[in-house]
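First comes the structure, then the notes that go with it.
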Amino acid sequence: MKIGVIADIHGNYDALMTVIVDMHKNDIDSVIVLGDIIFSGTEPQKCFERIKMIKPIVWIKGNTDNWFNEINENFKPKNELENNMYNKFLDVNSKVSKELIETIKTLKEKEETTIRGVKILCVHGSDRKINEGIGILTPQEDISELFNRLNHDILLCAHTHSPFIATKNGKLIMNVGSVGLPSDESRASYGILKFEDDNFEYSIRKIKI
């Protein structure tokens, strides 16, 4: 059994389809989606519809997906960052369906699942915050602290747009990087979890987009 783990599509439909084709070639059985599907690419609705077709076994929201919950008619930007966020929100909001908005608003921020006895915690940022990144810039003492408090075998995360893997005492942290806005700007990435009999393997794939 192979599980593909994708995140940070950001409305980039071409990149999403490139990854989906690659997952088919690699005999991926099921998919986990770690959020940030919509903002702020050019084809958010198409990305949403394609994700629905995949029928993910887990689908959580990311920090930009959460803009649908955070921004309403009373929202007034307080600085340039919030103004840019608001303009992106208005642009995307005009391109998407009510079904998309309501679906994204109701997604969980984290979700637990168990696959063949392996306990997995799925988050966008970290186990603590939706916008707290875990990756190569995270201090080693913070990674160690995370392993100590983690009550799961695997933590799957994203948000930083750069893949990262750490292991300790049989536990795994895997940041799967980004499909639509990868940090190296040229190769989409996603994670693969492979369960076969009593064996378990994990890897990050990078594909040119």
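Coordinate-derived values only; no laboratory data. Note that the structure is a prediction, hence the values are computed from the model and not measured. Every residue, glycine among them, receives a Cβ derived from its backbone with ideal geometry; neighbour counts consider all protein chains shown.
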What list do you get for Arg116, Arg50 if you sort them by fewest beta carbons within 10 Å? Arg116, Arg50
Given the options Pro77, Pro44, Pro163, state which has the largest fluctuation in a GNM of the chain using a 10 Å cut-off (strictly under) for Cα springs. Pro77
With +1 on the Cβ of every Lys and Arg and -1 on the Cβ of every Asp and Glu, and nothing else charged, how large is the dipole of the chain about its Cα centre, in debye rounded to the nearest 20? 200 debye
What is the extension gain from Val21 to Gln140, computed as 0.36 nm multiplied by their sequence separation minus the C-alpha to C-alpha distance, in nm to one decimal? 39.3 nm
Given Cβ point charges of +1 (Lys, Arg) and -1 (Asp, Glu) and nothing else, what value in debye, to the nearest 20, does the dipole of segment 68-155 about its Cα centre take? 220 debye
Tell me, what is a quarter of the convex hull surface for the C-alpha atoms of segment 28-124, in nm² with one decimal? 7.0 nm²
Which of these, Val58, Val33, Val176, has the largest mean-square fluctuation under a Gaussian network model of the chain (Cα springs below 10 Å)? Val58
Along segment 131-147, Karplus-curve 3J(HN,Hα) (6.51, -1.76, 1.60; θ = phi - 60°) to the nearest Hz, with x for Gly and Pro, reads 10, 9, x, 10, x, 5, 8, 6, x, 4, 5, 6, 5, 4, 4, 4, 4
May I ask you to compute the full-extension gain from Asn69 to Ile57, defined as 0.36 nm times their residue separation minus their alpha-carbon distance, rounded to one decimal in nm? 2.0 nm
So, R0 is 22 Å and r is the distance between the beta-carbons of Ser94 and Ser183; what FRET efficiency does that work out to, to 0.05? 0.15
Of His24, Asn148, Tyr86, farthest towards positive along the dipole that unit charges on Lys, Arg, Asp, Glu beta carbons give the chain: His24
Dipole of segment 115-209, Cα-centred, from +1 at each Lys and Arg C-beta and -1 at each Asp and Glu C-beta, to the nearest 20 debye? 180 debye
